[in-house]
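Remarks on the structure that follows.
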Amino acid sequence: ARIRALLPICPDGDFSRWQANARGVEIARNFCFGFAPRRAREKGRGIYGPAAAGYSGPAPESEPETAALARYAAGANLSGAVALYPGRGEVYWRTVGPAAEGSGQLGRLLALAAGYQIEAEVGRLADTGFRNWFTAVLGKPAADLFIRPPVAGQPPAMAAADLEEALTLACLL
(Lines give C-alpha, C1' and ligand atoms only; values in the text may rest on other atoms or scores of the structure.)
Protein backbone atom coordinates (compact mmCIF):
# COMPACT_ATOMS: atom_id res chain seq x y z
CA ALA A 1 0.00 0.00 0.00
CA ARG A 2 1.14 3.53 -0.71
CA ILE A 3 0.87 6.20 1.91
CA ARG A 4 0.51 9.84 0.95
CA ALA A 5 1.22 12.24 3.78
CA LEU A 6 0.25 15.88 3.57
CA LEU A 7 1.44 18.74 5.74
CA PRO A 8 -1.12 20.37 8.05
CA ILE A 9 -3.57 22.38 6.00
CA CYS A 10 -4.04 25.10 8.61
CA PRO A 11 -0.59 26.21 9.69
CA ASP A 12 -1.96 29.54 10.98
CA GLY A 13 -3.81 27.99 13.92
CA ASP A 14 -1.98 27.16 17.14
CA PHE A 15 -4.74 24.73 18.29
CA SER A 16 -4.93 26.24 21.78
CA ARG A 17 -6.70 29.55 21.20
CA TRP A 18 -6.78 30.22 17.47
CA GLN A 19 -8.23 27.39 15.41
CA ALA A 20 -8.79 29.32 12.21
CA ASN A 21 -6.61 30.29 9.27
CA ALA A 22 -5.36 33.86 8.82
CA ARG A 23 -8.74 34.85 7.32
CA GLY A 24 -10.61 33.72 10.44
CA VAL A 25 -12.08 30.58 8.85
CA GLU A 26 -11.86 27.26 10.67
CA ILE A 27 -10.70 24.92 7.90
CA ALA A 28 -12.36 21.83 9.39
CA ARG A 29 -15.69 23.63 9.03
CA ASN A 30 -15.13 24.87 5.45
CA PHE A 31 -15.84 21.64 3.53
CA CYS A 32 -19.08 21.49 1.51
CA PHE A 33 -20.60 18.55 3.40
CA GLY A 34 -23.21 19.94 5.80
CA PHE A 35 -22.17 23.54 5.15
CA ALA A 36 -25.59 25.26 5.04
CA PRO A 37 -27.01 23.77 8.27
CA ARG A 38 -23.67 24.37 10.00
CA ARG A 39 -23.70 28.07 8.99
CA ALA A 40 -27.26 28.37 10.30
CA ARG A 41 -26.18 26.96 13.68
CA GLU A 42 -23.20 29.35 13.74
CA LYS A 43 -25.50 32.33 13.16
CA GLY A 44 -27.71 31.06 15.99
CA ARG A 45 -24.63 31.26 18.23
CA GLY A 46 -23.80 34.78 17.05
CA ILE A 47 -20.97 33.84 14.67
CA TYR A 48 -21.46 35.88 11.50
CA GLY A 49 -17.92 36.35 10.26
CA PRO A 50 -14.22 35.66 10.83
CA ALA A 51 -13.35 34.39 14.31
CA ALA A 52 -10.65 32.53 16.23
CA ALA A 53 -12.84 29.40 16.01
CA GLY A 54 -16.25 28.30 14.83
CA TYR A 55 -16.66 30.22 11.55
CA SER A 56 -17.18 28.03 8.45
CA GLY A 57 -16.38 30.76 5.95
CA PRO A 58 -18.36 32.73 3.39
CA ALA A 59 -18.95 29.69 1.16
CA PRO A 60 -18.13 25.96 1.03
CA GLU A 61 -14.47 25.35 0.21
CA SER A 62 -13.87 29.10 -0.10
CA GLU A 63 -10.46 28.82 1.54
CA PRO A 64 -7.39 27.91 -0.52
CA GLU A 65 -6.40 25.22 2.01
CA THR A 66 -9.77 23.48 1.84
CA ALA A 67 -10.09 23.79 -1.92
CA ALA A 68 -6.60 22.38 -2.49
CA LEU A 69 -7.18 19.39 -0.21
CA ALA A 70 -10.58 18.67 -1.77
CA ARG A 71 -9.12 18.81 -5.31
CA TYR A 72 -6.21 16.60 -4.32
CA ALA A 73 -8.33 13.98 -2.56
CA ALA A 74 -10.88 13.86 -5.36
CA GLY A 75 -8.20 13.34 -8.02
CA ALA A 76 -5.75 11.10 -6.19
CA ASN A 77 -7.80 7.86 -6.31
CA LEU A 78 -7.29 7.25 -2.59
CA SER A 79 -8.82 4.12 -1.07
CA GLY A 80 -9.27 5.74 2.35
CA ALA A 81 -7.95 8.49 4.60
CA VAL A 82 -6.70 9.00 8.14
CA ALA A 83 -6.49 12.57 9.40
CA LEU A 84 -4.01 13.11 12.24
CA TYR A 85 -4.51 15.70 14.97
CA PRO A 86 -2.92 16.44 18.34
CA GLY A 87 -5.21 15.07 21.03
CA ARG A 88 -5.81 12.66 23.88
CA GLY A 89 -5.57 9.29 22.17
CA GLU A 90 -8.94 9.00 20.47
CA VAL A 91 -10.33 7.71 17.20
CA TYR A 92 -13.39 9.18 15.51
CA TRP A 93 -14.89 7.31 12.58
CA ARG A 94 -18.67 7.69 12.60
CA THR A 95 -19.84 8.89 9.21
CA VAL A 96 -22.84 8.77 6.92
CA GLY A 97 -23.40 7.10 3.59
CA PRO A 98 -22.00 4.01 1.92
CA ALA A 99 -18.52 4.39 3.46
CA ALA A 100 -19.78 4.13 7.05
CA GLU A 101 -19.04 0.41 7.39
CA GLY A 102 -15.50 0.76 6.01
CA SER A 103 -14.90 3.77 8.25
CA GLY A 104 -15.99 1.69 11.23
CA GLN A 105 -13.52 -1.06 10.33
CA LEU A 106 -10.76 1.49 9.86
CA GLY A 107 -11.59 3.22 13.15
CA ARG A 108 -11.66 -0.03 15.13
CA LEU A 109 -8.33 -1.16 13.66
CA LEU A 110 -6.70 2.18 14.49
CA ALA A 111 -8.07 2.13 18.03
CA LEU A 112 -6.93 -1.44 18.60
CA ALA A 113 -3.46 -0.91 17.18
CA ALA A 114 -2.82 2.37 18.99
CA GLY A 115 -4.59 1.44 22.21
CA TYR A 116 -6.91 4.43 21.77
CA GLN A 117 -10.58 4.89 22.64
CA ILE A 118 -13.29 5.11 19.98
CA GLU A 119 -15.27 8.23 20.72
CA ALA A 120 -18.81 9.27 19.87
CA GLU A 121 -19.38 12.31 17.70
CA VAL A 122 -20.73 15.11 19.82
CA GLY A 123 -20.37 18.84 19.99
CA ARG A 124 -19.28 21.45 17.51
CA LEU A 125 -17.24 19.19 15.19
CA ALA A 126 -19.72 16.33 14.87
CA ASP A 127 -20.63 17.23 11.29
CA THR A 128 -17.45 18.88 10.09
CA GLY A 129 -14.03 18.08 8.85
CA PHE A 130 -12.17 16.30 6.15
CA ARG A 131 -13.28 12.84 7.35
CA ASN A 132 -16.98 13.61 6.99
CA TRP A 133 -16.45 15.32 3.63
CA PHE A 134 -14.28 12.43 2.37
CA THR A 135 -16.85 9.77 3.25
CA ALA A 136 -19.94 11.72 2.16
CA VAL A 137 -18.60 13.18 -1.07
CA LEU A 138 -16.06 10.57 -2.20
CA GLY A 139 -17.83 7.57 -0.66
CA LYS A 140 -14.66 6.09 0.84
CA PRO A 141 -13.73 5.23 4.43
CA ALA A 142 -11.95 7.70 6.68
CA ALA A 143 -11.12 8.21 10.35
CA ASP A 144 -9.63 10.88 12.58
CA LEU A 145 -6.74 9.85 14.81
CA PHE A 146 -6.13 12.25 17.71
CA ILE A 147 -2.58 11.41 18.75
CA ARG A 148 -1.81 11.64 22.44
CA PRO A 149 1.53 13.00 23.55
CA PRO A 150 4.10 10.47 24.79
CA VAL A 151 3.69 9.34 28.41
CA ALA A 152 6.17 10.97 30.77
CA GLY A 153 9.33 8.88 30.72
CA GLN A 154 8.30 6.96 27.59
CA PRO A 155 11.10 6.91 25.03
CA PRO A 156 10.13 8.86 21.90
CA ALA A 157 10.97 5.81 19.78
CA MET A 158 8.31 3.79 21.63
CA ALA A 159 5.63 6.43 21.02
CA ALA A 160 6.62 6.58 17.34
CA ALA A 161 6.45 2.77 17.10
CA ASP A 162 2.89 2.77 18.50
CA LEU A 163 1.80 5.31 15.90
CA GLU A 164 3.61 3.48 13.10
CA GLU A 165 1.81 0.25 13.99
CA ALA A 166 -1.59 1.96 13.90
CA LEU A 167 -0.92 3.55 10.54
CA THR A 168 0.44 0.31 9.08
CA LEU A 169 -2.75 -1.50 10.02
CA ALA A 170 -4.80 1.31 8.49
CA CYS A 171 -2.93 0.84 5.21
CA LEU A 172 -3.69 -2.87 5.19
CA LEU A 173 -7.44 -2.29 5.47
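In this structure Glu101 has an accessible area near 130 Å², from a 1.4 Å probe over the protein heavy atoms.
If you put +1 on each Lys and Arg Cβ and -1 on each Asp and Glu Cβ, how big is the dipole of segment 39-133 around its Cα centre, in Debye rounded to 20?
Working: 10 positive and 9 negative charges, 39 e Å.
About 180 debye.
Relative to the current alpha-carbon distance between Arg45 and Arg148, full extension at 0.36 nm per residue lengthens the span by 34.0 nm. Taking amide H positions as modeled 1.01 Å from N, with prolines and chain starts lacking one, the residues under 5 Å from Ala81 and 5 or more places away or on another chain are Ala142, Ala143. Think of segment 29-96 as a dipole: +1 on every Lys or Arg Cβ, -1 on every Asp or Glu Cβ, centred on the Cα centre; then among Gly44, Ala76, Val91, Gly44 lies furthest on the positive end.
The values are calculated or read from the model by the stated rules, or taken from the named source; none is laboratory data. Owing to the predicted nature of the structure, the values given are computational and were not obtained by experimental measurement. A quick note on method: Cβ atoms are made from the backbone with ideal geometry, for glycine too, and the neighbour counts reach across all protein chains shown. With ligands, DNA and RNA removed, areas are computed over all heavy atoms of the protein, side chains included. Shrake-Rupley method; radii C 1.70, N 1.55, O 1.52, S 1.80 Å.
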